[in-house]
Structures are given as structure tokens and as C-alpha cells.
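The values are calculated or read from the model by the stated rules, or taken from the named source; none is laboratory data. What you see is a predicted model, and the numbers here were worked out from it, not measured in a lab. Here the Cβ positions follow ideal geometry from the backbone for every residue, glycine too, while neighbour counts run over all protein chains shown. Ligands, DNA and RNA are stripped out before the accessible areas are found, and what is left, the full protein with its side chains, is counted by its heavy atoms. Shrake-Rupley method; radii C 1.70, N 1.55, O 1.52, S 1.80 Å.
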Amino acid sequence: MRGGDLISLLVRLSLLQFFLLSGTAQATQEHGEPEGLVTHELGHLFFILSMAYLYISIKGNREKISETIFFLSRAALNFLIWNMITFTTHLLRIRVPDDSFQGFYFEADSLTSAIWYAGNVTEHFFIVFACYYFLRAVRSIIKSTEQGASL
Amino acid sequence: MILPLFISYIIEILASILVIILTLYAVIGTLKIKSQHPEVVFYRYLYYQSIALFVFASGRAVGHLVKRFLILTDNSALWEMLSPFSGAINTLTFIIFAGLALMYPNIRDMNRQIYDLESATKRYQQLYHYKTVIFDSLFPALVIAKDYTVVDVNEPFLRTFQKPRGDVIKKKCYELTHHSNIPCKETAHICPLQDVFVSGENAAVIHNHTTPSGERIYELNFSPVINEDGIVTSVIEVYRDITRDVMAEQEKERLRKQFFQAQKSAALKTLVGGIAHEFNNILAGIQGNAELLLLTPYEPEKSKERIKKILLSTEKAAELVYKMLRYQHTMVLNKKRFNLTEFMEDIIKIVHSSLPENISIKYLYSEEDLTLEGDPSALTETILNICQNARDAMPDGGVLTIITKRVIYENKRWIVIEIIDTGVGIKSKDLERIFDPFFTTKKVGEGTGMGLSVVKGIVEAHDGMVMVESKEGEGSKFTIYLPALPHSLTDTGQMVSS
């Protein structure tokens, strides 16, 4: 299924939900505290699915991959890993007690805390690489078009 | 387990800065490419994604930095207030980024198009590299557009004229090479550039140009660059420095003239000496007999004899004058068309009758059409003269071979008469002079030295040429080339012996 088709499906399902399952949704709705985290986590999930879809679309292609698309696939993979880590660390953060933070030190008294700490440190590497590969993809396409025009 | 949080903070700060820089570059890059190719939807998506990523990265980085700053400065309450906004922007932007990735046009088609573009670019890069290498390995060269603007230049040109590329490109060719403000066509300079643009054919011209190393002579070759529609888009002008060749040619010409002058002087000395000697002999005979007529008493028989000798001397003098005139080509040739094969048959008979028994004659002729235009009597004299020399060169006998055929020599068609003897041959030092008037290797009284010079004169009067090859002790070969008539049939006929 193409990206455009998926969006179109999501829009239709939303409209269907609006008319058939409206209930109290038409009234002003209350938004409790965990909603922010849930929304954010859903956003991450959407991001993960989107990058997975992009990565599989590229890698599933048996044809020769252009330099641009190759870098784009690397960017998608790094974004995907970064999101999986952040998705996990957001969830784990709830279970990490606040008193574990002692100034410039962190007391990891459980496996959850240790995993959270590791995720919090490593996620940055993946987003940097993701952005780096995204830029490489952009630069590669610029190089091709500019050189093609200058020759 | 106590773990250092500051490592995490340092990584967070560095990563945040890096992400901002990377995404900012991505925004600038995609903006550029989107502006250049507004028709490509994919580039637009990349641009929007770059913006989303930049806003996300900046928001996240600023959020992280502000958070650290506020917590460290005991302003956690303020951060508690700001953090939902930072988080909301963060969530929104990465959803936009992810959504745009889902909206990409067919990624496989896109990949194919970009792959083709990249491959074509690589191919063109390679071709461009070859072109540059070839172009730079030529003589100095310019590529000139229709409006006389220089669109490309090679390294040899820049080196020769000691100019930076920027001073050449986009300049008018006449400004560059002739320091003029108007095209050469409107000045005294001969330039076929405009003609090449019109005709699409190569042209060449010789020009003098001033270079930093001085005045040089160049052969300029103009080659059109024709596009697929057959239109001349530009012209490649190649400068071949022929200064050295021209100088060498001039020096060669000077030496040739000098040599020719020296040869002429030597020939003139031989000529004057020969005439003086011959006429002296004749005059001595006339004078002696005339004096005897005067001094001795009149005796009819003896006086008659002496008068006969005087007349014989005058005849000899007349013959000498006749030969000299022949040599000078002043005699009018009575040209007519005749067949050389038939003509030669009569000549062979005459030659055969004049040869001693120890000399055999062989005649080989081609079955081709050997019709030519010439003076039969002059040519008879020519052939008999050479045959007579051949006979004299074979005192102990030998074979005299005469061959007639058609040949192509120096891109011209000729009828050739070869007269080959097996005699004593000619010394190599004499070979150069045998056609000079009054030059002879025969004993005094046996030859006047005018025979071969007359042969040369007659052949040249027929627009032909005569050549000689000889080896001492082995014999000589005289080859007479006479122009063939244009209606020639074939050039490869069978040889027939007679």
C-alpha cells in the first residue's frame, strides 16, 4: 500500500468514527494528565510505523538503489531505532523513581532504571546519525542535479 | 549502582547542537533543489520534511538545553510550566515528518529516476573528464559560439597566451586575439569563422599572432560542432604554431636557391665553354681552309675540296645552333595524336638496323591504349638519341630493352617509355650532370654533349619528364614520362613482347 493510500484510509476511518461512534466526543472533552504522554507515545508509534514502512519499501526493492535512496533508507533505519529507544525510555521513565536522580549522578537500583539510563544515553547517537544520513541523501541529489546541469 | 548523569548531559548537549546544524543544512539544501526543480513532488516533500525535522530538532535541543539550565539554576517550577509546550511541538513535528514520509510518491519509481539521473551524471562526468583530457592534449584551442563568444578554452591556450581562464571565457574571440572591438570579418583579418557556421565545413587559415613569447605564425583550424538537428552550435578553433616550420621552409628555400644558383653558374660555364670550344673548332676549320684558298695558287679540284670543307663546317655550326634551339624549346613542336605502340615499331626497326650484331634488342609493350599527343619527329630524335647512347655504352655487346606502358605517378596518368641497356653504366658523380648542355663523358670529337640536354628539352616541351637510373658496370635505365590522354581505358594491361 502506498503512503498516500494509507493516509487516505486513516482519514476515512476517522470520519467514520466521527459519525458512527461520536458519543460524548462532540461535547468539550476533558484531557487528563496522562494524555500528553499517551499522545506522545502514539506519535512515536506512528513514527516507528512510518519509518518501518519507508525502510521496507526501499529494501524490498530488488532494483539497484540510487545513492540518495540508499542514504534515505539509512536515515529511516536510524530514525526507527531512535524512536524505539525513546518510546521505551518514555514508558520506563514512569517506573524510575524521582529520588534516583542525585545531582550529576543517577542511582540505578533496578533493571528498569539501568535500561532507562542506557536508552537515555544511546538515543542521541541514533538521531544524530539519522539526521546525518538524511542530509547525505539531500546532498547526493543536489550533487547529481547540479553536476548534470553543469556538464 | 551509581551512574554519572553528566555524561548523558554532555552527549545530550553535543547531539542537540549537531542535530540543529545537520537539519539546518538539510533545509538549505532542499530549499535550493525545490526551487530548481519545482515540478518534482519528491523534492517538495524532502523540503517540508527538512523543515519539520529542523523545527523538531531545534525545539527538542532548545528544550533539553533550557531544561538543563532551569534545573541547574533551581527553576524547576518554570520548566514544569514550559515542558508541555516543548513536548507538544516535539510530538507535532515528528508526526508531520513521519506523515510526509508516508506521502512520498512511489519510492520505487523515485529510486529508478534518481538512479538513472545518478548514472547519467556519472557517465557524463566520465565523458567530461575524457573531453577535458583530450582537449588539453591538443594544440591551443578555443570553443567559440555563434556570437563570437569564447565558451571554452584549453590549458595549452592559457599557457601559450599566459592568460587566466577568467580573462578568456565569455570574451569575444576578436577582443582576445586581435584586441579589436569589431569582428575580424569587418576588418582586414581573414577569418573563416562565420563561413564555418554557415557551411558546417572545416576551414583553415594562417595568421600571425602576438604572444608573450613574441610574434608567432599559426595555422588556425576551424571545426564545426554540429548538434543532432544539423545546426552548427559552436566552432572549435585550434592554433597550430607553424613558426618553426615556416622558418625551416624559408631556410630550405634559401639554400635551394643558393644551390640552384651555384648549379646554374656551373652549367653556364660548361655551356659557354662548350659553345666556345665547338665554334672554335668549326671556325678554325673555316679559317684554315679559307687561308689556304687565299695563299695557295688556284687549283680547281683542291679549291673545290676546301670550299666543301668550309661548307661542312658551316653545316656543323648550323646543326649546333639547331640543337641549342631545341634545348631552349624555342622550336615549335608539331604535335598530333598517334599511337605509341605503332610508332615504336618503326623506331625499333631503325634502332635495330643501327645496332651491331652483338647487341640484341627487346621490345615489350602494354596492350593498353597508348595514344598520346606529341611531335613524332621530336620524339623519334629523343628515343634515337638515348638508344645511340645505349649502343655506345655497350661496346662489348649486350641487350637493349625498350618498354612502353601506362603508369600512375604522383596522382597523374602517364605513358612511359623505358630504355634499358646492360652497358658500362654512368658514374654516380656524372648522373646529376648528364642533362647539362655540352656535358659529355665521350672522347673529344665523339659527342657534342648536346644529345641528352636536347632529349630533356623535347620531353619537357611535351609536359613530360625524363629520369635516369644507373649503376656502374651494370647498365642504365632512361624513363620518359609523357602525359596520357584523358580518355584512357585501363591501367593494367598485359605486357606483350616483340
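Once Rg and the Kirkwood radius are both taken over the C-alpha atoms of segment B:5-105, their ratio Rg/Rh works out to 1.09. Rolling a 1.4 Å probe across the protein heavy atoms gives segment B:138-241 an accessible surface of 54 Å² per residue. Taking a straight Cα-Cα cut-off under 24 Å and skipping sequence neighbours fewer than 8 places away in the same chain, the lysines within cross-link reach of B:K302 are B:K316.
Its alpha carbons considered, segment B:191-320 gives a radius of gyration followed by a Dmax of 35.0, 106 Å.
Between B:Y363 and B:I402, B:S498, the built amide H atoms are under 5 Å apart, and every one of these is 5 or more places off in sequence or on another chain. With 19 Å as the limit, the listed pairs A:K143/B:K32; B:K362/B:K456; B:K429/B:K471; B:K362/B:K405 have B:K362/B:K456 beyond it between alpha carbons. Net charge dipole, the protein assembly as shown: roughly 480 debye, given to the nearest 20, about the Cα centre with Cβ charges of +1 for Lys and Arg and -1 for Asp and Glu.
If you plug the beta carbon distance of B:Q250 and B:Y128 into 1/(1 + (r/R0)^6) with R0 = 51 Å, you get a FRET efficiency near 0.75.
From largest accessible area down, sort B:D229, B:D375, B:D396, B:D167; use a 1.4 Å probe on the protein chains.
Values: B:D229 115, B:D375 10, B:D396 140, B:D167 75 Å².
Of B:D229, B:D375, B:D396, B:D167, the descending order of accessible area is B:D396, B:D229, B:D167, B:D375.
Projecting the Cα atoms of B:G99, B:H178, B:L193 onto the dipole axis of segment B:89-218, where Lys and Arg carry +1 and Asp and Glu carry -1 at the beta carbon, places B:G99 farthest toward the positive end. For chain B, averaging the sequence separation of C-alpha pairs within contact (under 8 Å, six or more residues apart) and dividing by the residue count gives a relative contact order of 9 percent.
Apply the Kirkwood formula to the protein assembly as shown: the hydrodynamic radius equals the inverse of the mean of 1/r over all pairs of different alpha-carbon atoms; give it in Å with one decimal. Walk me through the numbers before you get to the answer.
Details: mean 1/r = 0.0273 Å⁻¹.
The Cα-based Kirkwood calculation yields 36.6 Å.
For segment B:5-105, the carbon plus sulfur part of the accessible surface works out to 77%, probe radius 1.4 Å.
Applied to segment B:348-360, the Karplus parametrisation 6.51 cos²θ - 1.76 cosθ + 1.60 on θ = phi - 60° returns per-residue 3J(HN,Hα) values of 4, 4, 5, 4, 4, 5, 8, 8, x, 5, 7, 10, 9 Hz, with x for Gly and Pro. When shorter helices are ignored and each DSSP H run of at least 4 residues is given -39500 (n - 2.57), the per-residue value for chain B at 222 nm works out to -18500 deg cm²/dmol.
For chain B, the longest principal axis of the Cα atoms and the long axis of helix B:76-102 meet at an angle of about 40 degrees. If the cut-off is 23 Å between C-alpha atoms, which lysines fall inside it for B:K171, apart from same-chain ones fewer than 8 positions away? Answer for B:K171, where 23 Å is the Cα cut-off: B:K131, B:K146, B:K163, B:K185, listed by chain and number.
Normalised by the residues of segment B:138-241, what does the relative contact order come to in percent, with Cα pairs under 8 Å and at least six apart? About 28 percent, as a whole number.
Can you send over the carbon and sulfur percentage of the accessible area for segment B:385-469, probe radius 1.4 Å, protein chains only?
Details: 1880 of 3990 Å².
Result for segment B:385-469: 47 percent of the exposed heavy-atom area is carbon or sulfur.
Only one residue of B:V27, B:V55, B:S86 has its Cα farthest out toward the positive end of the dipole of segment B:5-105, where Lys and Arg carry +1 and Asp and Glu -1 on Cβ, and that residue is B:V27. Approximating the spin labels as points 7 Å out from Cα along Cα→Cβ, the B:T187-to-A:F125 distance works out to 7.0 nm.
Overall, the ratio between the Cα radius of gyration of chain B and 2.2 N^0.38 Å, rounded to two decimals, is 2.04. Relative to its residue count, segment B:350-400 spans a Cα convex hull of 80 Å³ per residue. Given contacts defined as C-alpha pairs under 8 Å and at least six residues apart, what's the relative contact order of segment B:1-59, whole-number percent? The value is 40 percent. Using 0.36 nm per residue and subtracting the Cα-Cα separation, the extra length available between B:K302 and B:E342 on full extension is 9.6 nm. Between A:Y55, B:W414, B:P164, the Cα set farthest toward the positive side of the dipole of the protein assembly as shown (charges on each charged residue's Cβ, about the Cα centre) is that of B:P164.
Assuming R0 = 56 Å, what is the FRET efficiency of B:F279 and B:K170, from their Cβ-Cβ distance, to the nearest 0.05? All intermediate terms of the calculation are to be shown ahead of the outcome.
Details: r = 79 Å, r/R0 = 1.41.
It comes to 0.10.
Taking 0.36 nm per residue of separation and subtracting the Cα-Cα distance, full extension of the segment from B:S353 to B:N208 would add 45.6 nm. Compared with the dominant Cα axis of chain B, that is its longest principal axis, helix B:243-295 is turned about 0°. Between A:Y105 and B:L5, the built amide H atoms are under 5 Å apart, and every one of these is 5 or more places off in sequence or on another chain.
Restricting the calculation to Cα atoms, every distinct pair contributes to the Kirkwood radius of segment A:42-112, found to be 14.5 Å. Taking Cα atoms only, the orientation of helix B:41-72 departs from the longest principal axis of chain B by about 50 degrees. Buried surface between chains B and A: roughly 5400 Å² of accessible area, summed over both sides, computed with a 1.4 Å probe on protein heavy atoms only.
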